[in-house]
1. It is to be established whether one or more residues within segment 17-38 are farther than 19 Å from residue 160 by Cα, touching a strand residue (DSSP E or B) at 6+ places or on another chain (Cβ under 9 Å) and without any contact (Cβ under 8 Å) to a residue 12 or more places away in the chain.
2. For segment 39-58, how many residues meet the condition of being in contact (Cβ under 8 Å) with a residue 24 or more places away in the chain and either within 13 Å of residue 120 (Cα to Cα) or near the ligand (Cβ under 6 Å from one of its atoms) (or both)?
3. Just a yes or no: is a residue in segment 117-126 of a type in the set (Phe, Trp, Tyr) and either over 16 Å from residue 15 (Cα atoms) or without any contact (Cβ under 8 Å) to a residue 40 or more places away in the chain (or both)?
4. Could you grab the pairs with beta carbons closer than 9 Å, sequence gap of 6+ or different chains, first residue in segment 75-88 and in contact (Cβ under 8 Å) with a residue 24 or more places away in the chain, second one more than 8 Å from the ligand (Cβ to nearest atom) and not hydrophobic (A, V, I, L, M, F, W, C)?
5. If you scan segment 38-59, which residues turn out to be closer than 15 Å to residue 110 by Cβ and within 16 Å of the chain's Cα centre (by Cα)?
6. Can you tell which of 187, 197 is exposed (fewer than 15 other Cβ atoms within 10 Å of the Cβ), modelled with pLDDT under 95 and of a type in the set (A, V, I, L, M)?
7. Could you check how many residues of segment 166-177 are modelled with pLDDT under 95 and either closer than 17 Å to residue 118 by Cα or surrounded by 10 or more Cβ atoms within 10 Å (Cβ to Cβ) (or both)?
8. Out of (1) of a type outside the set (Ser, Thr, Tyr); (2) closer than 24 Å to residue 40 by Cβ; (3) away from the ligand (no atom under 14 Å from the Cβ); (4) surrounded by fewer than 18 Cβ atoms within 10 Å (Cβ to Cβ), the odd one out for residue 97 is which?
Amino acid sequence: MIFKPFMREGFFPLSVTFISSISRDGIRNIAPYSCIMPVLRPLDLICLASARKRDTLVNIRETREFVVNMVGTEFSNKVIPTAKFSPPAADEFDLAGLDEKPSETIRAPGIAGSYAWMECELFKVYEEPDYVLIMGKVLRLEVADEVLTRDGGLDIQKARPLMMTGSKKGMHFCTVTDIKQFEPFGAMFPDGKDPIAKQEEK
Ligand SMILES: Cc1cc2nc3c(=O)[nH]c(=O)nc-3n(C[C@H](O)[C@H](O)[C@H](O)COP(=O)(O)O)c2cc1C
């Protein structure tokens, strides 16, 4: 079957992250963002695509900071309350019944109950007429101990990361399954050694 090009996101499941930010006046805001990706190993950059009409975008431009909250499937009932239009003066933590987790390096708070928090400062903005790419630098990354494996990886059975695929009708929420296959990064290189490992140790 051939699909229209704009249907591309229906075929790679996207993380549903919650971006928390504050306005210049300190009003707390939350919005789900799925168009988000890390920018290459071993960098500490993260990139999100934002439509122009977003309080999140206004807040990030004004305060130059935000938190990427990674959540489990138990947050699925918080997606619509935080995605619905609400006036910039509304406190979206209160609206969605969510508590804050104070951040260590920035003023914008994280969301309590998430399994990971990325405290970010604005690094660069790429402007297009209809959208903006926001590049953030992760200043601090905290992950809840309960969702970590013994070797410090993400135990996806415990975290059950909230994800979704889009279809013509809307959003289908899902999570991931561990297929019990592991490969070291070095396996990609002829000598079996991962050249980036040294940079990550620094
Ligand atoms: C699952 C989901 C993912 C979304 N991802 C994005 C996204 O990546 N970029 C974006 O601009 N809007 C995205 N949205 C829409 C915003 O979350 C929504 O417009 C929200 O009201 C924006 O809030 P704000 O004005 O407080 O920033 C998404 C909505 C949902 C439900």
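The values are calculated or read from the model by the stated rules, or taken from the named source; none is laboratory data. Source: prediction; values computed, not measured. For neighbour counting, all protein chains shown are included, and Cβ atoms are generated from backbone atoms with ideal geometry for every residue, glycine included.
1. The answer is yes, given that some residue of segment 17-38 is farther than 19 Å from residue 160 by Cα, touching a strand residue (DSSP E or B) at 6+ places or on another chain (Cβ under 9 Å) and without any contact (Cβ under 8 Å) to a residue 12 or more places away in the chain.
2. Number satisfying all stated conditions: 10.
3. Taking every residue of segment 117-126 in turn, at least one turns out to be of a type in the set (Phe, Trp, Tyr) and either over 16 Å from residue 15 (Cα atoms) or without any contact (Cβ under 8 Å) to a residue 40 or more places away in the chain (or both).
4. Close Cβ pairs (under 9 Å, with a partner that is more than 8 Å from the ligand (Cβ to nearest atom) and not hydrophobic (A, V, I, L, M, F, W, C)) amount to 75/69; 75/113; 75/114; 78/97; 88/23.
5. 46, 56
6. 197
7. Final tally of qualifying residues: 2.
8. It fails just one condition, (2).
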